[in-house]
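Chemist: Mind having a look at this structure? Questions to follow.
The values are calculated or read from the model by the stated rules, or taken from the named source; none is laboratory data. Since this is a predicted model, take the numbers as computed values, not measurements. Here Cβ is always computed from backbone atoms with ideal geometry, including for glycine, and neighbour counts include all displayed protein chains.
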Amino acid sequence: MAFAAMAPPVSRWMSPEELARLAQMRAQQRAEQFAAGRWLARRLLAVTLGGDASEWLLSAAEDAPPVATHTGGAVGMPIFVSIAHSGDHLACAVSDMPVGVDIEALQPRQHLGTLIEATTTDAERAALPALLDQSDAEARMVAFFQLWTLKEAWIKCHGGSLFPTMMGNLVEAVPAPLASANGLTWRRKDAVLALAAAAPVDEVDLPDAQGWRLEARETVG
């Protein structure tokens, strides 16, 4: 991954906890993704909140989002961080409220129709007719990944498990004006990026963003 190569040697800025986790990774791509994501998060923290990237510390628990702290202790508010990667694609978000980000490379999925039926609700299929349009394979795939990335981002923001959330349709996402949206998606060439937040994201000024309203739902049966 090109971004990982741009970072200084990890021994200069990773915590012992992060270095220990990195050492356990046997796949080179996974190790590069981890290093690139951690450096991108530090760069974003420095640009957003100040200080040098190497002055920011991130926890490294495998089953939880990283917690950010500054070595100078100057930041007096909670900082929420979310990191996502898919192949060579990398995304990161930092915020003063819970936030989740996900990115997925646009790749054809086998049995996409069955997957759409299992992971989308009636309201979602009504709002995104492309999900059922077999005449336009690309539009169908993009619509599916918009919902998939939104729900993964929701999980990262609010907690939960992937399989029960997706297959149980525990979260519903429908298009919404930016003023009331708590989720955003972007199409970037061969990838879809999604952001989910604990509050409306109308102050996020990014071009080409599509707004969504995500709501937890109760299922019957």
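This table checks each residue for (1) modelled with pLDDT of 90 or more; (2) farther than 26 Å from Met97 by Cβ; (3) in contact with a helix residue (DSSP H, G or I) (Cβ under 6 Å, 6 or more places away or on another chain).
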position	(1), (2), (3)
Gln134	yes, yes, no
Met141	yes, yes, no
Gln146	yes, no, no
Ala153	yes, no, no
His158	yes, no, no
Ser161	yes, no, no
Val171	yes, no, yes
Leu178	no, no, no
Lys189	no, yes, no
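Chemist: Report those helices (runs of 4 or more DSSP H) wholly inside region 116-221 carrying at least 1 residues which are surrounded by 15 or more Cβ atoms within 10 Å (Cβ to Cβ), charged (D, E, K, R) and touching an Asp or Glu at 6+ places or on another chain (Cβ under 9 Å).
Modeler: In region 116-221, the matching helices (runs of 4 or more DSSP H) lie at 122-127, 137-158.
Chemist: When region 1-53 is examined, which residues are found to be touching an Asp or Glu at 6+ places or on another chain (Cβ under 8 Å) and at pLDDT below 90?
Modeler: Passing the criteria: Met1, Ala2, Ala4.
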